[in-house]
1. Grab the Cα-Cα distance for A:Glu43 and A:Ser102, subtract it from 0.36 nm times how many residues apart they are, and report the gain in nm with one decimal.
2. Suppose the chain between A:Arg150 and A:Arg172 were pulled fully straight at 0.36 nm per residue; how much longer would it get relative to their current alpha carbon spacing?
3. Treating the beta-carbon of each Lys and Arg as +1 and of each Asp and Glu as -1, no other charges, what is the dipole magnitude of segment B:115-209 about its Cα centre, to the nearest 20 debye?
4. Just checking the output field for A:252-263: average partner chain Cβ neighbours within 10 Å of each residue's Cβ?
5. Distance between the C-alpha centers of segment B:124-141 and segment B:173-208? Whole Å please.
6. I'd like the Karplus ³J(HN,Hα) series for segment A:197-213: coefficients 6.51, -1.76, 1.60, θ = phi - 60°, whole numbers in Hz, and an x wherever there's a Gly or Pro.
7. Hey, for a label at A:Arg273 modelled as a point 7 Å past Cα toward Cβ, could you say which residues of segment B:83-100 have their backbone N under 16 Å away?
8. Grab the other residues whose beta carbon is less than 12 angstrom from that of A:Ala250, score K and R as +1, D and E as -1, and report the net.
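Laboratory data are not the source of any read-out in this text; all were calculated from the coordinates shown. If you're wondering where the values come from, they're calculated on a predicted model, not measured in any experiment. Every residue, glycine as well, gets a Cβ built from its backbone with ideal geometry; the counts of neighbours run over all protein chains shown.
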Amino acid sequence: MKAHQADRFATIMLWIGSLAIVAILIAFLTLILGRGLPHLTSEFFNGPDGVRGQLFNSFYILFLSLVLSLPVGLGAGIYMAEYAPKNKFTDLIRLSTESLASVPSIVFGLFGMIVFVNMFGLGFTILGGSATLALLNLPILVRVTEESLRAVPRSYREASLALGATMWQTLRKVILPTALPGLITGITLVAGRALGETAILIFTAGMNVSRIPFDVNPLAAGETLAVHLFAVKSNPLPGTNADQIADGTAALLIIMVIVFNICLTLPSRWLQRRQLGRNKV
Amino acid sequence: MDKIVVNKLDLFYGDQQALNNIGIAMKERSVTALIGPSGCGKSTFLRTLNRMQDLIPSVKIMGQVKIDGQDIYAAGTDVVLLRKKVGMVFQNPNPFPKSVFENVAYGPRIHGETDKKKLSEIVETSLKDAALWNEVKDRLHESALGLSGGQQQRLCIARLLAVGPEILLMDEPTSALDPISTMKIEELISELKDKYTIIIVTHNMHQASRVSDRTAFFLSGDLIEEDVTSVLFTRPAKKKTEDYISGRFG
């Protein structure tokens, strides 16, 4: 009887825990969106204090940082999972990535400032910001990639190799498609960080927006939405409705992240379904 | 004619010797069963025949394995071509998480076949040869993971046949299956014998006597005895073989 009661108690506790998460999310969304959504007018984007530039910069920097970090991060992760022999050197690589993954982002920001802003003499630039963001995200990408690939059963590899496939064919046609959901999760994770990151970008991409709309010059300074939110809240310019801009920006940030996640998840689901055949198990 | 000739084959895992001076010949279009207790080296030996054992780090192999007169461990051997010719069925059915069709088409595709019509033909004949066509012809584009264990194993055999092998290595192909699925696979083996050279590792001595022409008994990395199956099971030449088949150990 006692085991029975403990079981019920545990079930209820776990249920409450899960419910709390949903409740917190709902409270959070209603508050932020409720305060911010009314401010999201055309004026908010295109007006004299409009955030059109910041919105563009956010995605531009996200895009550039992914371009810089994905090939290296995925490549290193794949190498670690599939090709690397197990020895002291690869243990050292793994230890290094793990240590790098836990470095506070503001330290990366300082590093980026020393290297890109000062040593290379670029000043505050979108390129410097993206490169530093890429550095921040690399260790996480390597780890997530390695772990997703390791989760693919060994028997798939054996089956493919025994049919006369090369390692590269096996990787492309069996391992990567199977690991895709894990990889997408990893990319969503780093993309979310890139969209929300402030500490790094204040030090490297600066707090100015180009006067040219949709300026793709990577050597221009580029304030992102998250940095903008920090700027208007911490240092409100007199004569502006800083609180409203901040509320609107916060809501816009949330919407951006949600939209971005959906944009990544839906195609990956579709790809998986195509891989698996009609009736998924 | 001898399809496979193995000569003085030694295999080491690091310092530990797992195969000891193995010598055996296998005829074309015959079934050879490898029996012996767990850890005797029969699976290890099987996997040296398509060089799958090479994938394990720190393995050292010495001696000669000749297939159609070619030493497969000679420098310059194309492992991809070898594995195309010497296919393998594993202990646990391991279909890819793809549709039934894509599983069978996988091999031909990686070997360069792109013509849709030809692929469909290959898939159909391979599934028919693996005695699975009637059960899956209406669900070719559903996930292979939805099939039963026995169906999955026959799918793996179909996937293998689609590559056009000459030799089939089977590593305890029925040990994870129920009796009826086992029976179907055994029937399939006796049909495939007309076209292929088959080597099957099995724990089940009844299975060995049902499906094989010749049987080889392994013990602690040694090949103790190899003979016509009925002879080995009724009049073994060696005491160790007799002890094993009469159930005194193993």
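1. Length difference between fully extended and current span is 17.2 nm.
2. 6.4 nm
3. The dipole of segment B:115-209 has a size of about 280 debye.
4. Mean shielding count: 0.
5. Their Cα centres are 19 Å away from one another.
6. Residue by residue, segment A:197-213 yields 5, 10, 3, 5, 6, 4, 7, 10, 9, x, 10, 10, 10, 4, 7, 7, x Hz.
7. Under 16 Å, as judged by backbone N against the label point of A:Arg273, lie B:99 of segment B:83-100.
8. Cβ neighbours under 12 Å give a net charge of 0.
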